[in-house]
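Below is one structure, written out as structure tokens; comments come after it.
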Amino acid sequence: MTKQAQAFWVRKPGVGELRDARLREPGADEVLVRTLRSGISRGTEALVFGGRVPPDQYATMRAPFQEGELPGPVKYGYLNVGVVERGPSELQDRTVFCLYPHQTAYVAPAAAVAVVPEGVPPQRAVLAGTVETAVNALWDARPLMGDRIAVVGAGMVGCCVARLLARIPGVEVTLVDTVADRASTASALGAGFAAPDAAGGGYDLVLHASATAAGLQCALDLLATDGTVVDLSWYGDTSVELRLGGAFHSRRLSIRSSQVGTVSPARAHRRSTQDRLRLALELLHDDAFDVLLTGRSRFEDLPVTMARLVSGAGAPLCHVIEYASVDRASVDQIGGA
């Protein structure tokens with residue numbers, strides 16, 4: 001038996017819509033999941049929604065359960081939390097995280113979902129993919145006890161990085177951002193806060209997550225001699241210009257990239273992507289992360305919501321999509337209830 005769910009699609013750059021999605025009967029090693037919450041990854045999804053992914057990066061930027069092709073029509077997203085309605089006994093009725101787009105219900109391989117630990121609410125669990133990115137960034141950056149560290153860019157990724165750094169004994173972490181209101185967020189995360197022109201300098205390590213050329217230049221300017229910037233940003237089709245004629249060479253500064261598509265080389269031989277995701281979910285027992293959940297709306301409103309978020313209106317850290325109106329009976333029919 002097949003039944004219809006609904007999914008969010010980017011029909012063309014700047015235009016979203018809800019489409020019916022036919023659900024097939026799950027196989028022996030698959031799960032049928034009813035979505036509870038999904039999260040909007042505002043940085044990457046804004047680039048996708050706006051059609052700003054360079055053609056030579058279409059394959060690289062492909063989401064795990066993407067349908068269609070960039071720049072559109074395309075079903076894109078990867079922060080999904082739901083409950084297993086049908087699947088292997090060890091997953092039955094469990095709340096799970098999956099790198100699945102915004103869709104009311106879906107069938108996926110059982111190996112593609114990770115159980116959300118008891119005590120981690122679904123709305124916080126949508127941050128798992130972002131915390132996983134932060135974990136990988138710290139594996140790449142290799143901070144040391146006693147380091148003075150700046151995180152430039154207080155968006156979702158930067159804030160998650162700052163929270164993990166703040167939990168390392170002896171580390172002094174400062175969030176740097178142009179938005180003064182992020183000071184209260186930084187405090188809730190256990191970090192200091194500074195505007196770019198007041199951040200000082202002499203940092204042992206800087207992690208950059210603003211996705212702007214100005215932010216990357218600021219990150220370089222904050223470094224101590226022999227310091228390193230670990231760049232987590234992805235710039236889409238935007239050109240990045242830097243001033244490298246000053247202290248860049250005389251102070252032997254470095255820029256390194258970090259990306260979550262593969263496990264950091266520092267752990268690749270000892271940790272799998274599944275290990276990394278499980279660690280991220282365990283770290284979400286920390287209720288300090290709730291400060292990042294700054295917006296919410298209904299799934300039915302997602303085409304309008306996405307356009308509003310991409311335009312910059314409101315600019316929440318993590319916008320949570322709620323699926324309270326999912327037609328449970330439709331899913332139950334597939335599950336044989």
Rounded to the nearest 20 debye, what is the charge dipole size of the chain about its Cα centre when +1 sits on each Lys and Arg Cβ and -1 on each Asp and Glu Cβ?
280 debye
What is the Cα centroid distance between region 24-68 and region 224-278, reported in whole angstrom?
24 Å
Taking the chain as a Gaussian network, where each spring joins two C-alpha atoms under 10 Å apart, which residue of His285, His319, His269 fluctuates the most?
His269
Using Cα pairs closer than 8 Å and at least 6 residues apart in sequence, work out the relative contact order for the chain, in percent.
20 percent
Give the residues of region 58-88 whose amide nitrogen is closer than 20 Å to a point set 7 Å from the Cα of Ala268 in the direction of its Cβ.
59-62, 64
Sorting check: for 259-268, 31-40, which peptide has the highest mean count of neighbouring beta carbons within 10 Å, and how do the rest follow?
31-40, 259-268
Under-5 Å amide H pairs with Ile255, H placed in peptide plane, nonlocal only
Val229
Amide proton proximity set for Cys318, modelled H, under 5 Å, gap of 5+:
Thr294, Gly295
Could you tell me which of rounded, prolate or oblate describes region 162-220, using a ≥ b ≥ c as the square roots of the eigenvalues of the alpha-carbon gyration tensor, with rounded for a/c under 1.5 and, failing that, prolate when a/b is larger than b/c and oblate otherwise?
oblate
For Ala180 and Arg19, what is the calculated FRET efficiency with R₀ set at 45 Å and r taken between the beta-carbons, to the nearest 0.05?
0.65
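To the nearest 0.05, what FRET efficiency results for Glu90 and Ala198 with a Förster distance of 35 Å applied to their C-beta separation?
Values: r = 52 Å, r/R0 = 1.48.
For Glu90 and Ala198, the calculated efficiency is 0.10.
Sort 150-160, 44-54 by the packing proxy (mean of other Cβ within 10 Å over each peptide's residues), most packed first.
150-160, 44-54
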With each pseudo-label sitting 7 Å past Cα toward Cβ, what's the Val304-Arg256 distance in nm, one decimal?
4.7 nm
What is the spin-label model distance, in nm, from His249 to Leu279 if the labels are put 7 Å beyond Cα along the C-beta direction?
3.8 nm
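I want the local charge near Val120. Using Cβ-Cβ distances under 10 Å, sum +1 for each Lys or Arg and -1 for each Asp or Glu among the other residues.
Taking every Cβ under 10 Å from that of Val120, the sum is -3.
With a cut-off of 8 Å between alpha carbons and a minimum separation of six or more residues, what is the relative contact order of region 137-186 in percent?
40 percent
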Region 130-167-region 202-221 distance, computed between alpha-carbon centres (Å):
13 Å
Under 14 Å from the Cβ of Arg296, count the other residues' Cβ atoms, weight Lys and Arg +1, Asp and Glu -1, and hand me the total.
+1
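No value in this document is a laboratory result; all are computed from the given coordinates. What you see is a predicted model, and the numbers here were worked out from it, not measured in a lab. Note that each Cβ is placed from the backbone with ideal geometry, even for glycine, and that neighbours are counted across all protein chains shown.
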